Structure formats: structure tokens, C-alpha cells
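Undergrad: Can you read through this structure? Questions will come right after.
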Amino acid sequence: MDRLSVEHLLGIKDLNEKDIQMIFKTADSFKDVLNRPIKKVPSLRDITIANLFFENSTRTRLSFELAEKRLSADVVNFSAASSSVKKGETLIDTVNNILSMKVDMVVMRHPNPGAHEFLSKHIDAKIVNAGDGTHEHPTQALLDAYSIREKLGVVDGKKVVIVGDIKHSRVALSNIYCLQKLGAEVMVCGPTTLIPKYIDALGVKVEHNLQKALEWCDVANMLRIQLERQDIKYFPSLREYSMLFGLTMDHLKQLDKDIVVMHPGPINRGVEISSEVADSDQSIILDQVENGVAIRMAVIYLLASNINR
């Protein structure tokens, strides 16, 4: 069977285009499984996976858990918010304790960028990055690109604008890496204060006018304002942000084409996107959620094939 060029999924930066296409092809097969009456396959029956979430998450954690159970893996859930981490236990101690329970794979979300890389050098288990601080969120980028491919046929040559809080978003960085590796053109759009200084080095266009960005693009990916990561005020008020960068039906009606509208969730309705747009025919937000399970099944399955059983 084909194998990924990496031992762990630490970030999109480490994947090549062949890896991404392999993940997509595997996800296609699993999507068929998810649409069957019996949605389970015995592929990982003897594999144990620990989900370690050192930051709160509902959707990503549930999506991973569902993916693991659909593959028949044994699942251990660990929430650091109610654990010994609060009592001062280190990351390595926590993980070693879990590994002593003979875990084969660790799916982890952690507030510190690079935590997964650190872990991969110290423990003998496959690591999947479910988000590290403001750094990367690889499975979200994979499911976003997969959803574009499903809707438009290809990603290559498409124009994608990522709108909103680019500075604090791990989704934005992973999406930029993934889309560029698949041949898409990428633009970011938002207030100057929320566009990071290093953005030019990534070879993406920058636009501060939402309507102009929409006229340019085939796909608009609307990001949530990450107020929980903002230590200072980056714009006067949510109302003002929404007036300048919130996507409404008025914006879409001014275009002479249909564009695809995406959102990684959770949505702040009426802030970065209106309810009318989120629920419209141009929105593929619910498809993204469904595709998230298939993509995560594919990633886990392909990494597990490298486990010596």
C-alpha cells in the first residue's frame, strides 16, 4: 500500500503534493463508507488512539473521535482542563503516563506552537497535530482544500481569499501552505492590524477591501475573529469589523458570478458572516464538517499503516 512521506502529521509544511493527493484519494473511499448504512470498517481494530486536548475544542475533538471509531480503533479521551496538568504535571509526564497504557497514536491540541514536534522526538507513538497555538491546524486545511476540490473539481488554478483574523489563525497558515502546494492562488483580506508582517514572504496577495477581494476570488474562506487570542484591541469594535469585513448577501449580489463560501467554524453569525450567507446555496460549511470526518479517517489510517503491529 502507498505510504505517506512523513511519520507524523505535524503540519502541512512537512507534506508534499503527493501526500496530500494520497490523503484525498483515501478520504474519497472513506466518504463512501460514511454514506453506507453501516458506517464502520475494521481497518484499525487493534490500534489505540489517545485524544489529548490541552485547549478546549468541541468540533475538532468530536470529528477526530468519530473518525477513530468509524475505523474501529480503541479511543482514550483526555481533557487537560480537568487533569493533572492543572496540578503542574509536564507535557512529557502526561504523555508518558498515557503511553504506558500502550497507546499507538496521539491526536493532540496544544496552546504552544511546536509542542507536537517536541513530542515526536521524545515518545514512540504517531502524532497528529489537531492545532498548536497560532501555528498550524493541518487537518482543517486538508478538509478545506478537499471541500474545494469536491465542489469545483480541482484546486489547481483556483483563486482563494482567506478573510479575517489572519494574525491569530492557525487555520490561515495551514490553508496557505496547502492551497499553494495544490496550485491555487491565495489572497488574504482583513484589517491591517490582523495581517501578520511575514505574510509577504509566503507569496500571497493582500487586500483590505472585501468587495474587491470577492471580485477576484472563486472561493472565500471566512475566518472567526479569535478574541480569546487577542491580548490587545486590534480594531475599534465587532460592529465596525462586521461593517467592513462581514460577508452579507449584498456583497454576493454585487458580483457577476457565484463564489463558494466557506467557514472553518464555529461561526459568529452576524460578525464575519451573515446567517443568510451561511445558510445559502453558495455556502459549503456543512460539507466541510462532513468532509472533516473522512479526511481525519484518511490521515489516521495512512499514519497507522506505518505502525509495527
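Read the figures in this text as sums done on the coordinates, not as results from a lab. Quantities reported herein were computed from a predicted structural model and do not represent experimental measurements. Glycine gets a Cβ as well: all are built from the backbone with ideal geometry, and neighbour counts include every protein chain shown.
Undergrad: To the nearest 0.05, what FRET efficiency results for residue 17 and residue 276 with a Förster distance of 25 Å applied to their C-beta separation? List each step's numbers first, then the result.
TA: Working: r = 37 Å, r/R0 = 1.46.
After rounding, the FRET efficiency stands at 0.10.
Undergrad: Which of the lysines could be linked to residue 18 by a straight reach, that is with a Cα gap under 18 Å, when you skip same-chain ones fewer than 8 residues away?
TA: Reachable lysines: 181.
Undergrad: At q = 0.17, 0.20, 0.21 Å⁻¹, work out log10 I(q)/I(0) for region 137-203 with the Debye formula, treating every Cα as an identical point scatterer and leaving solvent out; two decimals please.
TA: -0.56, -0.76, -0.83
Undergrad: Place +1 on the Cβ of every Lys and Arg and -1 on the Cβ of every Asp and Glu in the chain, take the dipole about the Cα centre, and give the residue among 57, 140, 161 whose Cα lies farthest towards its positive end.
TA: 57
Undergrad: Which of 284, 92, 20 moves most in a GNM of the chain, Cα contacts under 10 Å?
TA: 92
Undergrad: Distance check, please: which entries in 69/121; 40/151; 40/69 exceed 18 angstrom between their Cα atoms? Display every interim value, and only then the final one.
TA: Working: 69/121 27 Å; 40/151 25 Å; 40/69 8 Å.
From the list (69/121; 40/151; 40/69), the Cα-Cα distance tops 18 Å for 69/121; 40/151.
Undergrad: Still on this model: Roughly how many debye, to the nearest 20, is the charge dipole of region 138-286 about its Cα centre, given +1 on each Lys and Arg Cβ, -1 on each Asp and Glu Cβ, and no other charges?
TA: Numbers: 17 positive and 19 negative charges, 80 e Å.
It works out to roughly 380 debye.
Undergrad: Rounded, prolate or oblate: which fits region 253-309 when a ≥ b ≥ c are the square roots of the eigenvalues of the alpha-carbon gyration tensor, with rounded for a/c under 1.5 and prolate only if a/b beats b/c?
TA: In terms of gyration-tensor shape, prolate.
Undergrad: Need one word for region 168-288: rounded, prolate or oblate. Basis is the Cα gyration tensor (sqrt eigenvalues a ≥ b ≥ c); a/c below 1.5 gives rounded, then a/b vs b/c decides.
TA: rounded
Undergrad: Also: Percent of Cα-Cα pairs more than 36 Å apart in the chain, please. All intermediate terms of the calculation are to be shown ahead of the outcome.
TA: Values: 8025 of 47586 pairs.
Result: 17 percent of Cα pairs exceed 36 Å.
Undergrad: Still on this structure, I have one more. List the residues, sorted by chain then number, that are 5 or more residues from residue 43 or on another chain and whose placed amide H is less than 5 Å from its amide H.
TA: Amide H neighbours of residue 43, under 5 Å, 5+ apart: none.
Undergrad: Another question, then. Show me, for region 29-41, the HN-Hα J-couplings you get by feeding each phi into the Karplus relation (A = 6.51, B = -1.76, C = 1.60, θ = phi - 60°), rounded to Hz, glycine and proline as x.
TA: 5, 6, 5, 4, 4, 5, 9, 8, x, 9, 9, 10, 10
Undergrad: Dipole magnitude of the chain about its Cα centre, charges +1 at Lys/Arg Cβ and -1 at Asp/Glu Cβ only, in debye to the nearest 20?
TA: Details: 38 positive and 40 negative charges, 106 e Å.
For this selection, approximately 500 debye.
Undergrad: Explain nothing, just compute: Karplus ³J(HN,Hα) = 6.51 cos²θ - 1.76 cosθ + 1.60, θ = phi - 60°, for every residue of region 274-287 in order, whole Hz, x for Gly and Pro.
TA: Each residue's phi maps through the Karplus curve to give 7, 4, 4, 6, 4, 9, 7, 5, 7, 8, 10, 4, 6, 5 Hz.
Undergrad: Of 168, 208, 122, which has the largest mean-square fluctuation in a 10 Å C-alpha GNM of the chain?
TA: 122
Undergrad: Now for a different question. Tell me which of 194, 208, 242 sits at the most positive position along the dipole axis of region 138-286, charges placed on C-beta atoms (Lys, Arg +1; Asp, Glu -1).
TA: 194
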